[in-house]
Amino acid sequence: MEYRLIACDGRVVWFLDHATVVPGRSGQAGFHHGFLLDITERKALEAELAERTELERQKGYFESLLEISPVAIVTTDVDDAVTSWNPAAADRLADATELLGRIDAEHARVERALQEST
């Protein structure tokens, strides 16, 4: 059985508790034999893996939306350098591959070209 306990300092500690009843001589329960194993680190890793899996699922979902969107979408990094675009943007911009990594002036040119094509 797995369960968690709160330590005196407020930490959550997870345990794996495995116990077996060892019978006594007259068929009565003699004693319990078992162990407790601290599985706190494993539980933290499981939670992190679950979160990563969910983020990957969401990322895939949003990437598929970008691919099928009829709206031209161009993405930039924090420095306004063009990092990617969807097929709708590529259809509207003949020289889209030349924009990759360009900054500021090219970003404005992309926006103007997209506005003119609609």
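A cut-off of 5 Å between modelled amide H atoms, ignoring neighbours fewer than 5 places along the same chain, links Thr76 with Thr83. Taking amide hydrogens as placed 1.01 Å from N in the peptide plane, the amide H of Asn86 sits under 5 Å from those of Ile73, each at least 5 positions away in sequence or on another chain.
Using 0.36 nm per residue, how much length does the chain from His18 to Thr75 gain when fully extended, once their Cα-Cα distance is taken away?
On the way: separation 57, 0.36 × 57 = 20.52 nm, distance 5.27 nm.
Full extension from His18 to Thr75 adds 15.2 nm.
In order along the range 28-36, the phi-based Karplus estimate (6.51 cos²θ - 1.76 cosθ + 1.60, θ = phi - 60°) of 3J(HN,Hα) comes to 6, 5, x, 6, 9, 10, x, 8, 10 Hz; Gly and Pro are listed as x.
In order along the range 84-90, the phi-based Karplus estimate (6.51 cos²θ - 1.76 cosθ + 1.60, θ = phi - 60°) of 3J(HN,Hα) comes to 6, 7, 8, x, 5, 5, 5 Hz; Gly and Pro are listed as x.
Only the coordinates and a few stated rules stand behind these numbers; no lab work does. Just so we're clear, the structure is a prediction, and the values are computed from it rather than from any experiment.
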